[in-house]
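Student: Sharing a structure below in structure tokens format, with a few things to ask.
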Amino acid sequence: MLNYKSKDIKTYDINISGIVQGVGFRPFISRLAHKYKLKGNVSNTTEGVTVKINSSDIGIVNKFISDIKNLKPPAAVIEELNIKEADLKNYKSFKIVKSKETEEKFQLVSPDIATCRLCQKDINNKKDLRRYYYPFTNCTSCGPRFTIIKKMPYDRPNTTMKNFKMCSDCMEEYEDTGNRRFHAQPNACRKCGPELFLTDKNGKMADLKNPIISASELLNDNKIIAIKSLGGFQIACSALSDKTVSILRKRKNRPVKPFAVMFKNIHSIKKYYHIGTLEAESLMSSRAPIVLVRKKTENYPLSRQVSMYNGYEGVMLPYTPIHHLLFNNVDVPLIMTSGNLSEEPIASENNEALGRLRNICDYFLMHNRDIYSRYDDSVIRIFNGKEMMIRRARGYAPYPVKLDRDTGKKVIFSAGAHNKNNFCFLVKNYAIVSQHIGDLDDPESIKFYNSAFRHYGKLFNIESIDTAACDKHPLYASTRFTKSIKIVSKNIKVQHHKAHIASVIAENKVSDRIIGFAWDGTGYGDDGKIWGSEIFIVNRDLNFKRAGHLLEKPLPGGEITIKKPYRMAVCYLYNLWKENNVTHDGDSNFPQFLYKYFPFYKKIISTAEIDIITRQIGTGFNSPVTTSMGRLFDAVSSVLNYTHISSYEGEAAVRLEMAAGQKNKSRYKIKITGSYNSSNYIIDDYYIFSQIIDDITGNIPHDIISSKFHLTLAYIILEISRRIRENSRIDRIALSGGVFQNNYLMNNCFSLLKKNNFKVYSNFKVPVNDGGISLGQAYIAARKLRL
Ligand code: ZN
Ligand code: ZN
Ligand code: FE
């Protein structure tokens with residue numbers, strides 16, 4: 001801010017960067033200038049917006065600036081605002097002038113924005129003939145952005161709205177600086193814009209006239225409908241009907257993973273869930289994400305099939321006119337889940353959807369506005385007073401994460417992980433993390449990855465990639481991808497768990513030494529073993545020292561055991577049986593011991609399979625060595641007879657978390673060997689497991705056992721942190737990796753560590769799961785280049 005007084009007229013240049021185009025920024029500036037009687041102009045540039053004004057009163061200029069910051073349009077984000085005195089110019093009035101090309105060609109792209117209140121009014125206003133019930137209504141404060149942009153600058157011919165010619169009424173709005181639709185690129189109305197229609201599952205037209213009304217009737221009649229939404233197809237059906245939801249589960253091949261539910265308004269959400277102010281704020285924001293909230297136990301009307309045993313449900317509010325209009329006619333909450341089969345990418349084209357979803361959906365509510373970028377619904381939860389990302393896409397990506405260092409002219413690309421993949425471009429001090437891509441197992445996902453990569457290159461004007469970073473795992477599709485692209489200087493391989501911790505350091509701008517706990521399912525270790533419970537000491541130069549982990553043990557049969565937790569339970573039990581040399585009456589052979597103490601395994605595992613597993617453990621054949629924390633959760637979940645086969649990643653751990661009783665305060669005894677100097681703290685998880693077995697045979701209730709297990713892990717983190725602090729005075733802790741998606745564990749870790757005067761960090765802006773890996777990889781690469 002300028003703070004001197006002068007009577008002379010001066011000209012000021014104000015440069016503003018951030019999301020300031022296509023969000024009603026220039027008319028807003030123009031109105032403000034009139035308010036303060038300022039003369040000059042405003043224009044879009046290739047890097048943002050430039051305002052030029054004349055004034056002799058610095059007080060007015062300062063007020064103008066603070067109004068820009070405080071009263072900006074809801075969808076605008078100001079990253080930087082610089083004011084400087086310029087050569088004196090004589091302006092006669094205040095004008096919006098044509099866009100200018102400037103030297104800098106990098107500009108942020110706006111995420112899609114939920115339908116604003118005024119547009120909601122328009123579609124419900126019977127007198128508005130052009131927009132009443134028109135499902136593609138939008139304005140400068142709302143509507144599609146990222147999903148329809150083919151290239152920059154963000155002008156209509158560069159979007160999928162190109163094929164629709166604005167009618168004279170729309171054009172008038174578009175050109176009127178006083179109108180809320182001034183320069184709203186997707187502006188459209190019933191006369192000129194895209195059209196909605198309803199077909200049956202064979203693509204046969206069912207309703208062209210009143211598709212919303214027909215679709216609502218079908219939903220009320222418990223049918224399953226595919227809806228073409230902002231970033232792809234969603235599958236909708238009543239969340240009240242057990243029968244319908246279980247049919248959907250069967251057809252979608254999704255036995256237990258919870259479905260997201262859309263409610264008509266915030267009041268109905270408040271009725272059935274525990275909602276705080278922050279949850280409500282996020283739900284009603286222009287990002288309108290899915291928010292994980294806790295179900296109320298009484299008067300809960302939804303089908304149990306929606307989330308099964310899960311205590312949390314993902315809820316959201318309508319975010320497109322189509323949703324709002326459906327809820328005018330549908331009285332029940334609607335399941336609103338991604339239009340895909342398990343982990344495939346979300347379907348985005350009409351024919352593609354008809355092909356892929358015809359065995360799931362009865363009807364298709366579609367339209368002729370193309371989706372250029374697939375864009376899943378984002379999922380967040382509120383933790384520690386902030387939004388914590390679980391899946392980052394609609395409303396968030398491709399908005400960047402700002403870093404504490406600038407890469408200058410060099411661009412770094414990081415390829416991300418294999419599951420829950422996204423990638424990242426590091427440009428200047430912006431980490432542009434792509435939207436959620438998914439698991440890179442099938443050709444569809446890889447196609448999506450490739451096209452998103454090319455698209456980001458164009459959008460952000462990336463001419464060459466100086467350095468690429470990828471996971472150490474040689475078989476990750478993302479790792480292989482970096483070999484297929486042109487890189488100027490080098491390709492850096494980053495160990496998975498180091499990337500997890502680096503992502504925490506990057507987004508929190510931590511510049512001090514830190515202790516990192518990277519706990520997850522699997523990651524390729526520096527020694528070729530499968531890591532997953534890693535403890536690191538990280539110095540200020542971002543050098544990682546591995547300081548500890550769980551005991552090494554075989555993963556019998558490799559990959560297959562990740563999907564079948566009972567195999568891991570057998571692995572732990574076999575070790576216990578062998579170690580203790582159990583010779584209870586008749587227990588001289590392991591299968592007898594197993595079936596006697598855990599009779600439910602008779603139905604789960606045959607003696608032949610037990611034989612194979614124990615032989616694999618003995619010989620090490622096809623059984624990589626692992627220190628995975630995820631596998632310990634699997635084993636405990638199975639031995640408590642919760643989850644024996646995981647239908648989605650982390651299922652066994654989620655089931656175990658949900659079982660944890662809230663009242664227990666006790667925990668298991670722990671054994672940690674090693675010292676600070678040897679930097680090798682080994683956590684004896686067999687010891688914990690054997691106490692769990694004692695509790696089971698001692699008939700301790702399972703909710704207590706689960707709780708004790710979680711509290712034990714939180715306490716282990718505290719204990720190791722204390723030992724390291726005693727020797728090094730490091731008091732910062734980073735928690736990352738899929739295991740920390742566990743709310744119960746996370747809550748206990750945060751409170752325990754804080755109580756003991758540690759500063760605790762984790763992932764909020766990117767997911768704590770493998771969706772955070774690309775940021776960590778990019779940050780490590782940047783630091784390796786000594787930026
Ligand atoms: Zn609007
Ligand atoms: Zn029109
Ligand atoms: Fe991971």
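The values are calculated or read from the model by the stated rules, or taken from the named source; none is laboratory data. Owing to the predicted nature of the structure, the values given are computational and were not obtained by experimental measurement. Positions of Cβ are generated from backbone atoms using ideal geometry, with glycine treated the same way; all protein chains shown enter the neighbour counts. Side chains included, ligands, DNA and RNA excluded: accessible areas come from the protein's heavy atoms. Shrake-Rupley method; radii C 1.70, N 1.55, O 1.52, S 1.80 Å.
Student: How long is the gain from residue 195 to residue 475 if the chain were fully straight, where each residue apart is worth 0.36 nm and the alpha carbon distance is subtracted? Walk me through the numbers on the way to the answer.
Tutor: Working: separation 280, 0.36 × 280 = 100.80 nm, distance 4.44 nm.
Taking 0.36 nm per residue and subtracting the Cα distance, the gain is 96.4 nm.
Student: Before I look further, what does the stretch 92-234 give for accessible area per residue, probe 1.4 Å, in whole square angstrom?
Tutor: Numbers: 6880 Å² over 143 residues.
Counting only protein heavy atoms, the per-residue value for the stretch 92-234 is 48 Å².
Student: Excluding same-chain residues fewer than 8 positions from residue 121, which lysines have a Cα within less than 18 Å of its Cα?
Tutor: Within the straight-line cut-off, residue 121 pairs with 264.
Student: Right, something else. Under unit Cβ charges (Lys, Arg +1; Asp, Glu -1), what dipole magnitude, rounded to 20 debye, does the chain have relative to its Cα centre?
Tutor: Working: 115 positive and 77 negative charges, 400 e Å.
Using Cβ point charges on Lys, Arg, Asp and Glu, the chain gives about 1920 debye.
Student: Determine the relative contact order of the chain: mean sequence separation of Cα pairs under 8 Å and six or more apart, normalised by residue count, in whole percent. Intermediate values should be presented prior to the final figure.
Tutor: Values: 1719 pairs, mean separation 86.8, N = 787.
Over the chain, the number comes to 11 percent.
Student: Also, I was wondering about something else. Given a Förster radius of 45 Å and the C-beta distance between residue 625 and residue 349 as r, what FRET efficiency does 1/(1 + (r/R0)^6) yield to the nearest 0.05?
Tutor: Calculated value: 0.50.
Student: Here is a further query. Sequence neighbours fewer than 8 away in the same chain don't count; with that in mind, list the aspartates and glutamates whose C-alpha is under 16 Å from residue 665.
Tutor: 657, 695, 703
Student: Skipping prolines and chain starts, which residues have an amide H placed within reach, meaning under 5 Å, of the one on residue 523, given they are 5 or more residues away or on another chain?
Tutor: Amide H neighbours of residue 523: 531.
Student: Within the stretch 536-612, list the chymotrypsin sites (Phe, Trp or Tyr not before Pro) lying in a DSSP loop whose Cβ has at most 15 other Cβ atoms in a 10 Å radius. The partial results should precede the final answer.
Tutor: Values: sites: 536, 544, 566, 572, 574, 577, 593, 595, 597, 600, 601; in loops: 600.
Here the chymotrypsin sites (Phe, Trp or Tyr not before Pro) that fit, given the DSSP loop and packing criteria, are 600.
Student: If one computes the Cα centroid of the stretch 111-130 and of the stretch 19-93, what distance in Å separates the two points?
Tutor: So the two Cα centres are separated by 28 Å.
Student: If you don't mind, there's one more thing I want to ask. List the pairs from 270/759; 162/228; 563/784 whose alpha-carbon separation is above 29 Å, in the order I gave them. Don't skip to the answer; put the middle values down first.
Tutor: Values: 270/759 33 Å; 162/228 19 Å; 563/784 36 Å.
Check vs 29 Å cut-off fails for 270/759; 563/784.
Student: Same structure again: Suppose all protein chains stay in the model; what accessible area per residue would a 1.4 Å probe give for the stretch 730-787, in Å²? Don't skip to the end; give the middle numbers.
Tutor: Working: 1720 Å² over 58 residues.
Dividing the accessible area of the stretch 730-787 by its residue count gives 30 Å².
Student: The stretch 181-239: which trypsin sites (Lys or Arg not before Pro) are DSSP loop and have at most 12 other beta-carbon atoms within 10 angstrom? Walk me through the intermediate numbers first.
Tutor: Numbers: sites: 181, 190, 191, 201, 204, 209, 223, 228; in loops: 181, 190, 191, 201, 204, 209, 223.
Filter output for the stretch 181-239: 204, 209.
Student: Taking the dipole about the Cα centre of the stretch 467-512, with the C-beta of Lys and Arg at +1 and of Asp and Glu at -1, give me whichever of 484, 496, 511 is farthest to the positive side.
Tutor: The residue sitting most towards the positive pole is 484.
Student: Between residue 699 and residue 77, what length comes free when the chain is fully extended (0.36 nm per residue of separation minus the Cα-Cα distance, one decimal in nm)?
Tutor: Values: separation 622, 0.36 × 622 = 223.92 nm, distance 5.68 nm.
Taking residue 699 through residue 77 to full extension adds about 218.2 nm, to one decimal.
Student: Shifting gears a bit: Mind checking the dipole of the stretch 555-693: about its Cα centre, +1 per Lys or Arg Cβ, -1 per Asp or Glu Cβ, Debye to the nearest 20? Please list the in-between numbers first.
Tutor: Details: 15 positive and 12 negative charges, 68 e Å.
Value, rounded to 20: 320 debye.
Student: If you take every residue apart from residue 77 with its C-beta less than 13 Å away from the C-beta of residue 77, what net charge results, scoring Lys and Arg +1 and Asp and Glu -1? Mind showing how you got there, number by number?
Tutor: Working: positive: 69, 72, 145, 287, 402; negative: 79, 80.
Once positives and negatives cancel, what remains is +3.
Student: So which trypsin sites (Lys or Arg not before Pro) in the stretch 725-787 are both in a DSSP loop and have at most 10 other Cβ atoms within 10 Å of their Cβ? Intermediate results must be reported in sequence, preceding the final value.
Tutor: Working: sites: 725, 729, 732, 754, 755, 759, 765, 783, 784, 786; in loops: 729, 765, 786.
Here the trypsin sites (Lys or Arg not before Pro) that fit, given the DSSP loop and packing criteria, are 729, 786.
Student: Using only Cα atoms, tell me the angle between helix 211-220 and the longest principal axis of the chain; keep it within 0 to 90° and round to the nearest 10.
Tutor: Here the helix axis deviates by roughly 30 degrees.
Student: From the cross-link list 72/409; 35/69; 150/191; 490/545; 72/127, which pairs have alpha carbons spaced over 26 Å apart? It would help to have the intermediate numbers written out before the result.
Tutor: Values: 72/409 30 Å; 35/69 15 Å; 150/191 24 Å; 490/545 24 Å; 72/127 30 Å.
Violating the 26 Å limit, Cα to Cα: 72/409; 72/127.
Student: Sticking with this one: For residue 509 and residue 663, what does the FRET efficiency come to when R0 = 41 Å and r is the distance between their Cβ atoms, rounded to the nearest 0.05? Write down the numbers at each step before the final one.
Tutor: Working: r = 38 Å, r/R0 = 0.94.
Result of the calculation: an efficiency of 0.60.
Student: When we measure straight from the Cα of residue 509, which aspartates and glutamates land under 15 angstrom away, once same-chain ones fewer than 8 places off are left out?
Tutor: Within the straight-line cut-off, residue 509 pairs with 404, 406, 541.
Student: Also, I was wondering about something else. Carbon and sulfur: what percent of the chain's accessible surface (1.4 Å probe)? Present the calculation step by step, with values, prior to reporting the outcome.
Tutor: On the way: 15480 of 32150 Å².
Carbon and sulfur together cover 48 percent of it.
Student: Further question on the same structure: Sort by residue number and name the cysteines in the chain that have no neighbouring cysteine Cβ under 4.7 Å.
Tutor: Cysteines lacking a close Cβ partner in the chain: 119, 139, 170, 189, 237, 361, 424, 470, 571, 749.
Student: Expressed in nm to one decimal, what extension gain is obtained for the pair residue 222 and residue 677 from 0.36 nm per residue of sequence separation less their Cα-Cα distance? Intermediate values should be presented prior to the final figure.
Tutor: Working: separation 455, 0.36 × 455 = 163.80 nm, distance 6.43 nm.
The residue 222-residue 677 span can extend by a further 157.4 nm.
Student: So what's the net charge close to residue 266: Lys and Arg +1, Asp and Glu -1, counting the other residues with Cβ under 11 Å from its Cβ? Could you put the intermediate results ahead of the total?
Tutor: Details: positive: 264, 270, 271; negative: 279, 281.
Net of charged neighbours comes to +1.
Student: To the nearest 10 degrees, how steep is helix 702-728 against the longest Cα principal axis of the chain, on a 0 to 90 scale?
Tutor: Orientation of helix 702-728: about 80 degrees from the principal axis.
Student: I'd like the distance between the alpha-carbon centres of the stretch 603-641 and the stretch 253-277, rounded to an integer number of Å.
Tutor: 36 Å
Student: How much net charge surrounds residue 435 when only the other residues with a Cβ under 11 Å from the Cβ of residue 435 are counted, with Lys and Arg +1 and Asp and Glu -1?
Tutor: Numbers: positive: 374, 391, 392, 394; negative: 112, 376, 377.
Counting the neighbours of residue 435, the net charge comes to +1.
Student: Specify the angular offset, from 0 to 90 degrees and rounded to the nearest 10, of the alpha carbon long axis of helix 685-697 from the longest principal axis of the alpha carbons in the chain.
Tutor: That works out to roughly 70 degrees.
Student: In terms of modelled amide H atoms, which long-range or inter-chain residues lie less than 5 Å from the amide H of residue 410?
Tutor: Here nothing satisfies the definition.
Student: Send over a whole-number figure in Å² for the accessible area per residue of the stretch 447-593, probe 1.4 Å.
Tutor: Details: 5810 Å² over 147 residues.
Averaged over the residues of the stretch 447-593, the accessible area is 40 Å².
Student: At residue 243 and residue 331, where each label point lies 7 Å from the Cα along Cα→Cβ, what is the point-to-point distance in nanometres?
Tutor: Distance between the two pseudo-spin positions: 1.8 nm.
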